[in-house]
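Please read the structure below before turning to the comments.
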Amino acid sequence: MSTIIEELEKAQLNENAPQFNVGDTVKVYGKIKEGNRERVQIFEGTVKKIQGGSNRTTFTVRKLSSGIGVEKTWPLHSPLVEKVEVTRRGKVRRAKLNYLVGLKGKKAKVKELVR
């Protein structure tokens, strides 16, 4: 890749990007614009996958809302993501948890990593 592009990507990186893995339960504080107002909305769920690299890194969070699975993909280095707070660490052996899509209730939970 060109050095010019690499320099532009480094300038866009968020220095205080959080450290989390697939399977962790996180709270994502996302900024939402409604007309001329801006507020912060919390989206809490399990990290299903992390993909991409550099400033293009995205992560997908899945939660159950009224028995229906909701997934949302967030760019890690976006200014619209105010912060990501890790609630609990998950113990998984896969990079992408696509098997969570068909599960409901207690079966959709990921075991907690005890350190």
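The values are calculated or read from the model by the stated rules, or taken from the named source; none is laboratory data. The structure displayed is predicted, hence computed values, not measured ones. We place every Cβ from the backbone using ideal geometry, glycine too, and count neighbours over all the protein chains shown.
Summary table below
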read-out: Total residues in the range 8-46, condition in a loop (DSSP other than H, G, I, E, B) and either in contact with a Cys (Cβ under 9 Å, 6 or more places away or on another chain) or more than 30 Å from Val101 (Cα to Cα) (or both); value: 6
read-out: Single residue of the range 45-94 satisfying the filter (among the small types (Gly, Ala, Ser), more than 22 Å from Asn16 (Cβ to Cβ) and touching a strand residue (DSSP E or B) at 6+ places or on another chain (Cβ under 7 Å)) that is modelled with the highest pLDDT; value: Gly90
read-out: Filter result for the condition that a residue is part of a strand (DSSP E or B) and touching a Lys or Arg at 6+ places or on another chain (Cβ under 6 Å), over Thr60, Thr73; value: Thr60
read-out: Residue in the range 18-51 that is farthest from Lys106 (Cα to Cα), counting only those that are among the small types (Gly, Ala, Ser) and surrounded by 13 or more Cβ atoms within 10 Å (Cβ to Cβ); value: Gly30
read-out: Single match in Ser2, Ser54, Ser78, Ser66 (criterion: touching a helix residue (DSSP H, G or I) at 6+ places or on another chain (Cβ under 8 Å) and not aromatic (Phe, Trp, Tyr)); value: Ser54
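Okay, residues lined up against (1) among the basic types (Lys, Arg); (2) more than 16 Å from the chain's Cα centre (by Cα):
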residue	(1), (2)
Thr58	no, no
Arg62	yes, no
Glu71	no, no
Trp74	no, no
Ser78	no, no
Val86	no, no
Lys91	yes, yes
Asn98	no, no
Lys106	yes, yes
